[in-house]
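Only one structure is covered here, and it is reproduced in the block below.
We did not get these values from a lab; they are worked out from the coordinates using the rules stated. None of these values were measured; they are calculated from a predicted model. Cβ sites come from the backbone with ideal geometry, for glycine too, and all protein chains shown count toward neighbours.
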């Protein structure tokens with residue numbers, strides 16, 4: 001609840017996922033008066049949902065049922081304090097020159113290169129613990145991934161995971177952390193920078209959805225809906241948009257800002273991901289222990305626009321992905337402990353778009369062109385080879401794609417006609433509105449975005465601080 | 001007293017009927033209705049958008065009165081038209097995801113009624129993931 005509606009904050013953040021807390025942490029250290037509004041709930045280690053039903057329903061927008069117009073891809077958009085850092089698989093990779101070159105070409109932004117971004121990655125990495133999974137704790141799902149790659153001559157690498165102490169020796173299973181980590185090992189923002197920002201004076205109000213912003217020369221008025229409690233208004237000298245690709249685009253569109261910035265909602269990407277299951281005679285128990293230890297690191301895959309990930313999911317998600325029913329479905333699920341899983345993550349080339357209808361409904365247009373489907377097919381074929389070469393009796397492909405890395409919609413760039421955010425992370429033409437989260441991605445990098453969101457947020461925090469102090 | 005704030009009796013009966021077609025049970029696994037997991041459906045419905053909720057109300061309301069062969073026909077139509085372009089394909093895929101979500105999510109959350117005495121779903125599928133948490137988090 002807004003106890004003091006007339007209070008003028010230095011900065012309001014819309015969204016408490018990854019970017020917002022990373023920027024707020026820096027600003028709070030400098031004594032800036034910050035308010036953070038988040039549509040999702042603020043769970044703790046004690047209150048995270050305990051099963052797929054509650055996790056999917058409570059931690060994602062639309063209860064995890066957000067679909068594009070053609071219903072080919074299900075978008076999993078986190079709605080929780082901590083955002084993607086609560087529900088992701090904690091993979092933290094730096095982008096390579098291939099990703100940055102394509103960003104620089106498209107955006108005209110010079111600092112998109114490995115050497116200019118290196119210091120910001122270092123600063124981001126200094127806020128979290130990053131580990132790889134030791135051989136002793138790799139489970140059979142990870143071993144199959146490695147064996148298949150070795151047999152077929154593909155290059156793999158250990159996954160860098162944002163985790164501190166998973167206590168695998170006690171039998172802990174990482175799959176349990178997909179609905180929030182109850183032992184605080186996963187380096188989510190509520191366990192790291194957000195926690196520190198709160199101790200430094202950040203005000204966080206969860207379960208508040210921002211529905212409109214009204215910028216003027218010296219302040220921004222933020223209107224929110226708070227469930228049954230109704231509308232509220234907050235004011236700040238500066239605004240940081242950190243609600244992600246769909247959230248930021250939707251808010252700016254609802255605020256009518258696409259008249260000045262026609263690129264809002266354009267260039268939306270999502271790295272469509274497709275899970276596949278190898279079924280073995282032996283027990284795999286892919287859900288036990290550290291199921292993720294490796295990723296593909298093959299130059300050929302990168303060139304072909306996909307990567308393979310060593311992943312798994314909860315039983316309800318797998319059951320839905322199988323796409324079958326009746327006795328046949330039961331027979332598969334009764335063999336679940338014999339499943340191994342690998343996922344193709346494609347670097348999508350078709351830009352999607354985000355629109356808002358008059359009734360306030362968000363419309364996501366995201367199709368896949370021939371190239372996107374060809375990338376999926378190449379990955380699928382290699383997964384089949386990996387499973388077959390390691391003794392799988394059958395390979396089953398998930399019945400639909402999942403969009404977890406939601407990017408773009410407010411792309412960064414030098415041209416206000418084709419981008420929304422300038423190279424200093426300001427909205428073109430607005431000196432007091434900033435964004436540095438995944439919404440500013442110019443295109444799909446083909447690499448997990450979390451660490452780069454953190455690094456860009458660190459860089460943006462320095463720019464924002466300079467702007468505030470001047 | 002109804003078990004749901006979001007579905008009426010007819011819609012619940014439609015869900016149970018559809019659930020038993022999708023998950024009819026085997027000699028190892030219980031059927032959807034046997035587990036009593038429908039008791040927990042509100043834990044999903046409470047978070048859906050109005051559009052999605054109303055869509056499911058309509059579907060299960062119709063299925064309540066539909067012969068089983070029609071429901072099977074619809075499910076088969078959804079399954080076989082995954083790559084159909086245009087409005088019809090999108091509609092079938094949305095329908096499939098909505099129906100499967102409503103049936104699979106409570107069943108595979110290992111939830112069951114107090115009356116159910118059979119083996120639990122997690123035991124049947126061999127799901128024994130665990131997390132040893134400190135006492136103050138339990």
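Restricting to the range B:105-120, what's the tally of residues that are within 12 Å of another protein chain (Cβ to nearest Cβ) and under 22 Å from residue B:46 (Cβ atoms)? Qualifying residue count for the region: 7. Among the listed residues B:136, B:123, B:50, identify the single one that is within 30 Å of residue A:362 (Cα to Cα) and either out of contact with any strand residue (DSSP E or B) (no Cβ under 8 Å at 6 or more places or on another chain) or surrounded by fewer than 20 Cβ atoms within 10 Å (Cβ to Cβ) (or both). Exactly one of B:136, B:123, B:50 is within 30 Å of residue A:362 (Cα to Cα) and either out of contact with any strand residue (DSSP E or B) (no Cβ under 8 Å at 6 or more places or on another chain) or surrounded by fewer than 20 Cβ atoms within 10 Å (Cβ to Cβ) (or both), namely B:50.
Look at (1) within 12 Å of another protein chain (Cβ to nearest Cβ); (2) within 21 Å of residue A:251 (Cβ to Cβ) and you find that residue A:38 fails only one, number (1).
Remark: pairs (first residue in the range A:94-112, at positive phi; second residue exposed (fewer than 14 other Cβ atoms within 10 Å of the Cβ) and part of a loop (DSSP other than H, G, I, E, B); Cβ separation under 9 Å; 6+ apart in sequence or on different chains) = A:108/A:414; A:108/A:415. Do we have any residue at all in the range A:200-211 that's out of contact with any strand residue (DSSP E or B) (no Cβ under 7 Å at 6 or more places or on another chain) and touching a residue at least 12 places away in the same chain (Cβ under 8 Å)? Scanning the range A:200-211, I find at least one residue that is out of contact with any strand residue (DSSP E or B) (no Cβ under 7 Å at 6 or more places or on another chain) and touching a residue at least 12 places away in the same chain (Cβ under 8 Å), so the answer is yes. Exactly one of (1) surrounded by fewer than 18 Cβ atoms within 10 Å (Cβ to Cβ); (2) in contact with a helix residue (DSSP H, G or I) (Cβ under 6 Å, 6 or more places away or on another chain) is unmet by residue A:155. Its number? Checking residue A:155 against (1) surrounded by fewer than 18 Cβ atoms within 10 Å (Cβ to Cβ); (2) in contact with a helix residue (DSSP H, G or I) (Cβ under 6 Å, 6 or more places away or on another chain), the one that fails is (2). Inspect all residues belonging to the range A:113-126 and state whether any of them is crowded, with 16+ Cβ neighbours inside 10 Å and assigned to a loop (DSSP other than H, G, I, E, B). No; the residues of the range A:113-126 include none that is crowded, with 16+ Cβ neighbours inside 10 Å and assigned to a loop (DSSP other than H, G, I, E, B).
The residue list B:101, B:61, B:89 contains one member that is more than 9 Å from chain A (Cβ to nearest Cβ) and not in a loop (DSSP other than H, G, I, E, B), which is B:61. Of the residues in the range B:3-12, at least one is away from every other protein chain (no Cβ under 13 Å), out of contact with any helix residue (DSSP H, G or I) (no Cβ under 6 Å at 6 or more places or on another chain) and part of a helix (DSSP H, G or I).
Conditions (1) under 30 Å from residue A:368 (Cα atoms); (2) in contact with a helix residue (DSSP H, G or I) (Cβ under 9 Å, 6 or more places away or on another chain); (3) away from every other protein chain (no Cβ under 14 Å), marked per residue:
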| site | (1), (2), (3) |
| --- | --- |
| A:18 | yes, yes, yes |
| A:30 | no, yes, yes |
| A:48 | no, yes, no |
| A:54 | no, yes, no |
| A:57 | yes, yes, no |
| A:73 | yes, no, no |
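Looking only at the range B:121-130, residues that are more than 7 Å from chain A (Cβ to nearest Cβ) and in contact with a helix residue (DSSP H, G or I) (Cβ under 9 Å, 6 or more places away or on another chain) come to 3 in all. Taking the numbered list (1) within 11 Å of chain A (Cβ to nearest Cβ); (2) more than 23 Å from residue A:79 (Cα to Cα); (3) touching a helix residue (DSSP H, G or I) at 6+ places or on another chain (Cβ under 8 Å); (4) in a loop (DSSP other than H, G, I, E, B) in turn, residue B:133 passes all entries but (3). Taking the range A:351-379 as the range and being away from chain B (no Cβ under 14 Å) and more than 25 Å from residue A:266 (Cβ to Cβ) as the test, the residues that pass are A:378, A:379. Just one of (1) in contact (Cβ under 8 Å) with a residue 60 or more places away in the chain; (2) within 25 Å of residue A:290 (Cα to Cα); (3) within 22 Å of the chain's Cα centre (by Cα); (4) buried (at least 20 other Cβ atoms within 10 Å of the Cβ) fails for residue A:172. It is (3).
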